[in-house]
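Presented below is the structure to which this report refers.
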Amino acid sequence: MESCYCNLEVEVNGEETFMVDKAIIAQYSSKLARLFGKSSGPSGKLKVIFHDFPGGAEGFELMLKFCYNNGSIDMNSSNLLQAHCAAEYMEMKDSVLGVPNLLEQTEKSLEEISYWRWSELLVALKQCQNLSTVLDYYSNSMMLEKCMDTIVGRMFLASEASPCPSTCSTDSSSGGVRFSCDSKSTESIKTSSFSSRPCWWFEDLVFLNPVLVEMLVRSMITRKLEHGLISRFLMYYQKARFSSTIDVSEKIKILEMVIDMHYDMEYYHNSSIPFKTLFGILRISLSLNISKSCRHKLEAMIGSNLDQATLDNLLVPSPYGISYLYDVKLVLKFLKAFLRRGGGVVAPTRMKKVASLIDLYIAEIAPDPSLRPSKFLALATAIPDSARDSYDELYHAMDMYLEVHGQLSEEEKVKICCGLNYDKLSPQACIHLSQNTKFPSKSAVQALISQQSKLKNLIQSTPATSPLLNGSSPPFCFTNVNAQKGNKDKSNDQVVLYSSTGDFDASSDNERLKAHLQGMQWRVMELEKICKKMQTQMAKITKSKVPPNSYARSLPKLCS
């Protein structure tokens, strides 16, 4: 290093102060030359203070070596990024005495990055990690872009290469898959023997911070690396980083990055994220205060795949301070996202599967004494009516809810029963409802009317040309069994439907009619029993403030 006159004091990022020859430095740095050209102070010593020099004192010293060594420096993977960023910062572009300046030399070295060994690429990435200024101001630099592209290219080649060498081992004892490879076995694109297992590189990249991981994943997506592999890497990275000593804020940054990357893959690249993965992320997020936007993205991803969920998946405990046993509000958000996906058009099979799942969930949360009626009704009515073939499961859940919440007013009970479609209740459920004192009387009447309507439709659908319905004598009539037997106990009166011609003697062509009439006989018997019960209820209603005539007009004619 030639002798020099130290007439310039340089303070770098508050770390260290250097005494240098400003003429030598200004010869290579257009930034300092321009600064000194504007200087109007005395010709003595000057002082320059840098607050954000890339790489701090170490990076400035590397730049000094280049300047004092007549534009020559030994560059390798450990200092190339540092030299490149320093050259950009100091504007070292123009050649000096025919010798390429630092920026030009670093860019030429970058052209050979595709021949670097895997370990050298990792060293370069670590340089990116260490240079916070690079992350802030040079995130789109040529060095970082080329390094990322080369690494992703190696990953893609690894998925199509030869079987894993003996230096690669797996460990699945922790629930995930962990791969450990000797970096020397993957150093050169020409000489390496890549693992046939595409996840061999997971452990090598755990040291990266969330910012660089996001950049790396976006590069993977652009290069069309398999999304399932990317998802597994993200989960591996999250688990590995969480197992180390990091603070809560860092955990939040990592998890938000993981959610954002999964969301981008699913919504912008038509990927299908495994439901188990999404719920794994959800359970981790419950203990962290992630941003609202990330939480909405996660809920949207889970909701759009709700037909893959199980009852255990939905039984998420309520947040702290909420009295409910389970987080009903969260499930409602899932349902909203499911119904909204695809412009509100959902395949019937998927819709029916979700309806069955929600009915199971409602039955599970119904015994919760803290569950408000509004939440229960919101769940019951969130599913379109067409998605349920039967409302029996929902009725049984309502029965359980009303039993636990006996303090509800009549008005609240009526509102809850609005979630029922009486036409889709089985005859057994209707009979049970009509005798169920926990339900409002109006619901019992509606159940009876629904069954009467079904009976009428059944009779109307019976062929009118049948001999059984087109004779001179009536095909069937009602009789009071107890009256025939002389039984004075009228509380056990039964109305029986029988054929006026004796037992049904239908031909083979009338077998279906026979089945219809036998079914009608059973239903009428049951309806008669229900009417007796209803008459008892009407007597109770008369004593209350509710006008009995409004209910009496609604009773089936069979009760008259």
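The values are calculated or read from the model by the stated rules, or taken from the named source; none is laboratory data. Predicted model, so just to flag it, every value in this text is computed and none were measured. Please note: Cβ atoms are built from the backbone with ideal geometry, for glycine as well, and neighbour counts cover all protein chains shown. With ligands, DNA and RNA removed, areas are computed over all heavy atoms of the protein, side chains included. Shrake-Rupley method; radii C 1.70, N 1.55, O 1.52, S 1.80 Å.
Quick one: is Glu364 of a type in the set (Asp, Glu), farther than 23 Å from Lys251 by Cα and surrounded by 13 or more Cβ atoms within 10 Å (Cβ to Cβ)?
Yes, satisfied.
I'd like the full set of residues that are open to solvent by 50 Å² or more (accessible area, probe 1.4 Å), touching a residue at least 40 places away in the same chain (Cβ under 8 Å) and assigned to a helix (DSSP H, G or I), limited to the range 245-279.
Those that are open to solvent by 50 Å² or more (accessible area, probe 1.4 Å), touching a residue at least 40 places away in the same chain (Cβ under 8 Å) and assigned to a helix (DSSP H, G or I): Val248, Lys253.
Which of the helices (runs of 4 or more DSSP H) found entirely inside the range 333-429 contain at least 3 residues meeting this: of a type in the set (A, V, I, L, M) and under 27 Å from the mean Cα position of the chain (by Cα)?
By residue number, 348-365, 373-382.
If I filter the range 302-332 down to residues being part of a helix (DSSP H, G or I) and touching a residue at least 40 places away in the same chain (Cβ under 8 Å), which single residue comes out as most open to solvent (accessible area, probe 1.4 Å)?
The residue in question is Lys329.
Within the range 179-220, can you find the residues that are open to solvent by 30 Å² or more (accessible area, probe 1.4 Å), at pLDDT below 50, assigned to a loop (DSSP other than H, G, I, E, B) and not acidic (Asp, Glu)?
If the condition is that a residue be open to solvent by 30 Å² or more (accessible area, probe 1.4 Å), at pLDDT below 50, assigned to a loop (DSSP other than H, G, I, E, B) and not acidic (Asp, Glu), then Ile189, Lys190, Thr191, Ser193, Ser196 are the ones that fit.
This table checks each residue for (1) under 27 Å from Ile151 (Cβ atoms); (2) among the aliphatic types (A, V, I, L, M).
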{"residue": "Thr17", "(1), (2)": "no, no"}
{"residue": "Ala23", "(1), (2)": "no, yes"}
{"residue": "Lys47", "(1), (2)": "no, no"}
{"residue": "Glu58", "(1), (2)": "yes, no"}
{"residue": "Asn69", "(1), (2)": "no, no"}
{"residue": "Ser72", "(1), (2)": "no, no"}
{"residue": "Asn79", "(1), (2)": "yes, no"}
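Please list, ordered by residue number, the strands (runs of 3 or more DSSP E) wholly in the range 6-86 having 2 or more residues that are of a type in the set (D, E, K, R).
Here the list reads 8-12.
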